[in-house]
Amino acid sequence: VIAPPLPEAEAAFRRRLSAKRRAARLIAIEADDHYLKVHTDEGVELVTMRFADALAELKGAHGFRLHRSWWAAGDAIEAVRWRRGGTGEALLAGGLTVPVSRSQAPALKAAGWF
């Protein structure tokens, strides 16, 4: 089986993943201290990397920073809703629910999520 070519914007970041997850659907990246939890449709992988460096490698990829510690692939977002108090949450593929901060909301609004 030949895997489809990776979008160039994600290629550098994907090389950091194990072979099993390199071609998997990227769902989200969660910052956790000095590590990243990379959520894919093949499971979660822990990567040693700063969140800011991951965002730099993903510049140009179709995705959104949702919170200070979360980034989600654009095609993995299934719904966005606001909670009382002015914060929101995004429902992602695979059943993940992640926070959306007020400061990150304008990009989602511009993309038509609410």
Practice item. Place +1 on the Cβ of every Lys and Arg and -1 on the Cβ of every Asp and Glu in the chain, take the dipole about the Cα centre, and give the residue among His67, Ala93, Val44 whose Cα lies farthest towards its positive end. Key: His67
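Charges only on Cβ, +1 for Lys and Arg, -1 for Asp and Glu: so what's the dipole of region 56-114 about the Cα centre, in debye to the nearest 20? Don't skip to the end; give the middle numbers.
Details: 8 positive and 4 negative charges, 70 e Å.
I would put it at about 340 debye.
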Practice item. Determine, from the Cβ-Cβ distance of Ala79 and Lys37 and an R0 of 22 Å, the FRET efficiency 1/(1 + (r/R0)^6), rounded to the nearest 0.05. Key: 0.55
Practice item. Would you work out the charge dipole size for the chain about its Cα centre, treating the Cβ of every Lys and Arg as +1 and the Cβ of every Asp and Glu as -1, and quote it to the nearest 20 debye? Key: 260
Revision key, fill the gap. Summing -39500 (n - 2.57) over every DSSP H run of at least 4 in the chain, dividing by its residue total and rounding to the nearest 500, the 222 nm mean residue ellipticity is -5000 deg cm²/dmol
Check your understanding: What is the distance, in nm, between label points placed 7 Å from the Cα along the Cα-to-Cβ direction at Val44 and at Ala107?
Key -> 2.2
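Any read-out appearing in this document is the output of simple, stated calculations on the displayed coordinates, not a laboratory observation. Note that the structure is predicted; figures quoted are calculated from it, not measured. So basically every Cβ, Gly included, is an ideal-geometry build from the backbone, and we count neighbours across all protein chains shown.
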